[in-house]
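One structure below.
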Amino acid sequence: MFQESLDLKPSERAVFKVAGQLMAGYIAKHGCPSEADHQAVVDWCINTAHQMAQQVDQQVVSDDELG
């Protein structure tokens, strides 16, 4: 079995996790995307997760930033 490891930074892991959850939600609601639509759905999931992370970063002050 082929296993590829990713060396992601914590913020990248967070975006990856949310993108995966968005993809799971998409599949639960719509079923698996067709091969033609697969990349567009993946891109949407990643872009949405990234936008969410950026918005959280702008609007939420962490304990580290306060100190």
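The values are calculated or read from the model by the stated rules, or taken from the named source; none is laboratory data. Since we're looking at a predicted model, the values are computed, not measured. Virtual Cβ from ideal backbone geometry, glycine too; neighbours counted across all protein chains shown. Accessible surface areas use protein heavy atoms only, side chains included; no ligands, DNA or RNA. Shrake-Rupley method; radii C 1.70, N 1.55, O 1.52, S 1.80 Å.
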Practice item. Using a 1.4 angstrom probe, figure out how much accessible area the chain has per residue, in square angstrom, rounded to the nearest whole. Key: 89
Practice item. Report the FRET efficiency, 1/(1 + (r/R0)^6), for W44 and E4, where r is their Cβ-Cβ distance and R0 is 25 Å, rounded to 0.05. Key: 0.60
Exercise for review: Restrict the search to the chain; then list the trypsin sites (Lys or Arg not before Pro) that DSSP places in a loop and that have at most 11 other Cβ atoms within 10 Å of their Cβ.
Suggested key: none
Point to revise | Acute angle (nearest 10 degrees) that the helix 10-30 long axis makes with the longest principal axis of the chain, alpha-carbon atoms | key: 40
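Return the calculated 222 nm mean residue ellipticity for the chain, to the nearest 500 deg cm²/dmol, obtained by summing -39500 (n - 2.57) across DSSP H runs with n ≥ 4 and dividing by the residue count. Can you show the working numbers first?
Values: 3 runs with 50 residues, N = 67.
Calculated at 222 nm, the ellipticity per residue is -25000 deg cm²/dmol.
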Review point. What residue among V42, V56, V15 has the largest mean-square fluctuation in a Gaussian network model of the chain, using Cα springs under 10 Å?
Key: V56
Revision key, fill the gap. Taking Cα atoms only, helix 35-59 is inclined relative to the longest principal axis of the chain by an angle, in degrees rounded to 10, of 10
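Using 1/(1 + (r/R0)^6) with R0 = 35 angstrom and r between the beta carbons of L66 and Q21, what's the FRET efficiency to the nearest 0.05?
Details: r = 29 Å, r/R0 = 0.82.
Plugging the Cβ-Cβ distance into 1/(1 + (r/R0)^6) gives 0.75.
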